[in-house]
Amino acid sequence: MVTSSLLTSKDKARRVFSPAHYSPQWLPCPLVVTIHDLAYIYFPNEFLKKDQYKLFNWTKESVTKAKAVITVSASTKSDVMKHYHTSEARIHVIYNGFQGYPPARNKIATLKKYDVANKNYILFVGTLQSRKNIARLIEAIHTIRSTYPDLLLLLAGRRGWLYEKMLKRIQELQLTDVVRELGYVPDAELAVLYENAQCFVLPSLYEGFGIPILEAMAHGTPVVTSDNSSLPEVGGDACLYVNANDTMQIAIAIERVLTEKELRKSLVSKGKEQIKKFSWDACAAQTLALLKQIAYER
């Protein structure tokens with residue numbers, strides 16, 4: 001973050017761009033700030049009280065004094081308008097870009113490392129925290145287990161706030177041999193896991209954008225995800241959507257992807273087209289254009 005002292009020097013900036021919520025307290029020039037999501041408002045229990053306080057109030061300060069606010073989705077734009085009472089005219093939706101991972105390599109070695117060679121598995125990628133709704137995903141796997149006794153669920157991601165509830169649910173449903181917690185997975189290995197998954201599932205209760213669904217699409221993996229927040233906006237017609245609060249819907253959707261070949265083919269094909277709508281080049285160009293506009297406005 002650039003300090004205020006630098007901004008007040010003889011070479012002071014014409015504008016300041018803050019890419020994530022916070023900004024310097026004193027600014028001699030216009031501010032443009034990016035807001036990614038308001039998870040700390042919708043899921044306060046996932047944050048330490050001091051962090052929640054800082055996120056809410058410092059974001060409020062940034063949004064209030066900003067000449068322009070960027071949000072990474074129209075869903076987040078609506079959230080900012082609702083909770084920070086910001087005029088629509090000041091908020092600009094500029095989607096995150098998407099680059100994807102390099103082509104999967106060392107496939108056999110990676111699959112052996114995670115003990116999934118020649119095995120069918122569902123993949124989840126993300127921080128293991130309650131708003132990701134992993135407990136219901138685990139319940140959905142339990143629901144279809146009698147039909148697919150060899151199906152595994154891989155959870156790729158670091159442990160987050162309140163992950164203990166998820167672990168408890170695994171034990172309660174006696175799925176310790178079915179649900180595998182992988183922790184952090186390097187990009188090269190994650191590409192292999194995406195490519196070989198039967199299905200990718202992101203049943204989140206809330207997302208500001210949802211990059212993992214694009215990652216799955218890029219590797220030709222059909223996606224099941226929630227019909228809330230930004231996910232339909234990012235996923236377009238290339239996902240099978242479910243009510244995140246309905247375990248049975250999640251289970252049925254997974255089963256459809258496993259059994260309906262034409263559905264799988266359609267989701268994969270549409271996914272390849274959907275990811276073309278998101279690029280860092282476009283994100284950078286739109287951001288730069290906005291910064292230039294703000295710099296020369298009177």
Could you check how many residues of segment 102-154 are assigned to a loop (DSSP other than H, G, I, E, B) and not hydroxyl-bearing (S, T, Y)?
-> 18
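Per-residue answers, yes or no, for (1) of a type in the set (A, V, I, L, M, F, W, C); (2) touching a Lys or Arg at 6+ places or on another chain (Cβ under 8 Å); (3) within 26 Å of S73 (Cβ to Cβ):
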| residue | (1), (2), (3) |
| --- | --- |
| D177 | no, no, no |
| V201 | yes, no, yes |
| L214 | yes, no, yes |
| M217 | yes, yes, yes |
| V223 | yes, no, yes |
Among (1) surrounded by fewer than 23 Cβ atoms within 10 Å (Cβ to Cβ); (2) over 20 Å from L152 (Cβ atoms), E255 falls short only on (2)
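Give K50, K60, K77 a once-over and let me know the one that is modelled with pLDDT under 90 and out of contact with any Cys (no Cβ under 8 Å at 6 or more places or on another chain).
On the way: K60 fails: modelled with pLDDT under 90; K77 fails: modelled with pLDDT under 90.
Unique residue meeting the criteria: K50.
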Filtering segment 21-69 down to residues that are acidic (D, E) and farther than 30 Å from Y296 by Cα yields E46, D51
Every listed condition ((1) under 16 Å from the mean Cα position of the chain (by Cα); (2) at pLDDT below 95; (3) closer than 27 Å to Q198 by Cβ) holds for A104 save (1)
What are the residues in segment 157-199 that are in contact with a helix residue (DSSP H, G or I) (Cβ under 6 Å, 6 or more places away or on another chain), in a strand (DSSP E or B) and without any contact (Cβ under 8 Å) to a residue 60 or more places away in the chain, if any?
-> V179
Selected residue [of a type outside the set (D, E, K, R) and modelled with pLDDT of 90 or more] from V2, V72, V16 = V72
Would you be able to tell me the number of residues in segment 20-68 that are assigned to a helix (DSSP H, G or I), of a type in the set (D, E) and in contact (Cβ under 8 Å) with a residue 40 or more places away in the chain?
-> 1
Counting only residues that are of a type in the set (G, A, S) and within 30 Å of S78 (Cα to Cα), which one in segment 88-108 is surrounded by the fewest Cβ atoms within 10 Å (Cβ to Cβ)?
-> A89
Do we find a residue being under 25 Å from N106 (Cβ atoms) and touching a residue at least 40 places away in the same chain (Cβ under 8 Å) anywhere in segment 238-260?
-> no
Counting only residues that are buried (at least 18 other Cβ atoms within 10 Å of the Cβ) and small (G, A, S), which one in segment 172-214 is nearest to the chain's Cα centre (by Cα)?
-> G210
Would you pick out the residues in segment 126-166 that are farther than 14 Å from M248 by Cα and polar (S, T, N, Q)?
-> T127, Q129, S130, S146, T147
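Determine, yes or no, whether T147 is surrounded by 17 or more Cβ atoms within 10 Å (Cβ to Cβ), out of contact with any strand residue (DSSP E or B) (no Cβ under 6 Å at 6 or more places or on another chain), of a type in the set (V, I, T) and closer than 28 Å to L258 by Cα.
Against the criterion (surrounded by 17 or more Cβ atoms within 10 Å (Cβ to Cβ), out of contact with any strand residue (DSSP E or B) (no Cβ under 6 Å at 6 or more places or on another chain), of a type in the set (V, I, T) and closer than 28 Å to L258 by Cα), T147 does not qualify.
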Output the residues belonging to segment 258-281 that are exposed (fewer than 14 other Cβ atoms within 10 Å of the Cβ) and of a type in the set (A, V, I, L, M, F, W, C).
-> W280
What residue, among those in segment 69-86 that are in a loop (DSSP other than H, G, I, E, B) and either aliphatic (A, V, I, L, M) or touching a strand residue (DSSP E or B) at 6+ places or on another chain (Cβ under 7 Å) (or both), is surrounded by the fewest Cβ atoms within 10 Å (Cβ to Cβ)?
-> T86
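The values are calculated or read from the model by the stated rules, or taken from the named source; none is laboratory data. The structure presented is a predicted model; accordingly, all values stated were derived computationally and were not measured. So basically every Cβ, Gly included, is an ideal-geometry build from the backbone, and we count neighbours across all protein chains shown.
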